[in-house]
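> Okay, handing you the structure first.
The values are calculated or read from the model by the stated rules, or taken from the named source; none is laboratory data. These numbers were taken from a predicted model, which means no experiment stands behind them. All Cβ positions, even for glycine, are placed from backbone atoms using ideal geometry, and neighbour counts span all protein chains on display.
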Amino acid sequence: MDTDNFEKYNKDFNRALNIYENDYSHTDLIEFLQSGSVAEKQAAALKLDGLHNKSDAEIFMSNLTGCDGKVREAVSFRLNEFVKINPEYFTDFADIFLDAIIDINGNICRNTISALKYIKNFPEFTTCFCTKLTQNTLELVKKAANFDIQDGKYKINKEIFKLYWYLETIYEFLEFINSEVIENILFSAKNIQDYTIREKVAKILSKLENDNLIMIKEELKQDENYYVRRL
């Protein structure tokens, strides 16, 4: 580690340690989240006692996407707890949630999906979220079904990763999604070469009783991959 990076590391570490070791007020911690350094935001998110209103939630959620990975993960780590206590504070953030469920960090995706279950009882949120979720999924399924190896392995893996988490989220919101939309997604996704996508299709199917989907179920029961067949 060169001298400049070492000094920056020490400075960041001391900032975070200062927040952990001292009794900052709720207002101070929210201020750190709003305009602090990476280290200050990360420490503030972890030490925050709760969210007192929608304004707090807006500042908190602004750090779930579009910023340093350390901050995003710290915020996602507390998300489940805060949404469970005050789900009404989070009903305006469908777009942020949609970005967070396909974060490059799988822990952030998982934490976000886990928190979303506490907002299911808010119809306006659920309608907006599920509409955008399925639209994004359909677009990505069609793209993934036509991947050319010349696109490059990194690009393909990145898009498959997103599709994986979209399908995992759909599984959690099945009761709010039109059956024809689900059928369209599953019929398109069942043939994607990456087995993890077919595994998610099988997982969704395990939750559905729909005569139109029997063909897919029978097909996946014979899949070459054990995990797909098992589901």
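> Checking the condition β-branched (V, I, T) and touching a Ser or Thr at 6+ places or on another chain (Cβ under 7 Å), which residue from I85, I104, I59, I96 passes?
None of the others qualify; the one that does is I96.
> Could I ask something else about it? Can you name every residue in segment 178-230 that is out of contact with any Ser or Thr (no Cβ under 6 Å at 6 or more places or on another chain) and among the β-branched types (V, I, T)?
Matches in segment 178-230: I182, I192, T196, I197, V201, I204, I214, I216, V228.
Conditions tested, residue by residue: (1) buried (at least 19 other Cβ atoms within 10 Å of the Cβ); (2) under 17 Å from S114 (Cβ atoms).
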| residue | (1), (2) |
| --- | --- |
| A43 | yes, no |
| E58 | no, no |
| L64 | yes, yes |
| E81 | no, yes |
| N86 | no, yes |
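> Quick check on segment 184-202. Is at least one of its residues free of Cβ contacts under 8 Å to residues at least 24 places away in the same chain, part of a helix (DSSP H, G or I) and over 23 Å from C109 (Cβ atoms)?
Among the residues of segment 184-202, not one is free of Cβ contacts under 8 Å to residues at least 24 places away in the same chain, part of a helix (DSSP H, G or I) and over 23 Å from C109 (Cβ atoms), which makes the answer no.
> Here's something else I'd like to know. Among the residues of segment 195-202, are any at pLDDT 95 or above, surrounded by 16 or more Cβ atoms within 10 Å (Cβ to Cβ) and within 17 Å of the chain's Cα centre (by Cα)?
No, segment 195-202 has no match at all.
> Mind listing whichever residues of segment 160-177 are without any contact (Cβ under 8 Å) to a residue 40 or more places away in the chain and either of a type in the set (A, V, I, L, M, F, W, C) or assigned to a loop (DSSP other than H, G, I, E, B) (or both)?
I160, L163, L167, I170, L174
> On to the next question. Please go through (1) under 22 Å from D92 (Cα atoms); (2) surrounded by 20 or more Cβ atoms within 10 Å (Cβ to Cβ); (3) in contact with a Lys or Arg (Cβ under 8 Å, 6 or more places away or on another chain) for E172 and return the number of the only condition it doesn't satisfy.
Going through (1) under 22 Å from D92 (Cα atoms); (2) surrounded by 20 or more Cβ atoms within 10 Å (Cβ to Cβ); (3) in contact with a Lys or Arg (Cβ under 8 Å, 6 or more places away or on another chain) one by one, E172 breaks only (2).
> Checking F147 against (1) modelled with pLDDT of 90 or more; (2) in a loop (DSSP other than H, G, I, E, B): exactly one of these is not met. Which one?
If we test F147 against (1) modelled with pLDDT of 90 or more; (2) in a loop (DSSP other than H, G, I, E, B), just (1) comes out false.
> Exactly one condition in (1) surrounded by 13 or more Cβ atoms within 10 Å (Cβ to Cβ); (2) of a type in the set (S, T, N, Q); (3) at pLDDT below 95 is not met by T126; state its number.
Here T126 clears every test but (3).
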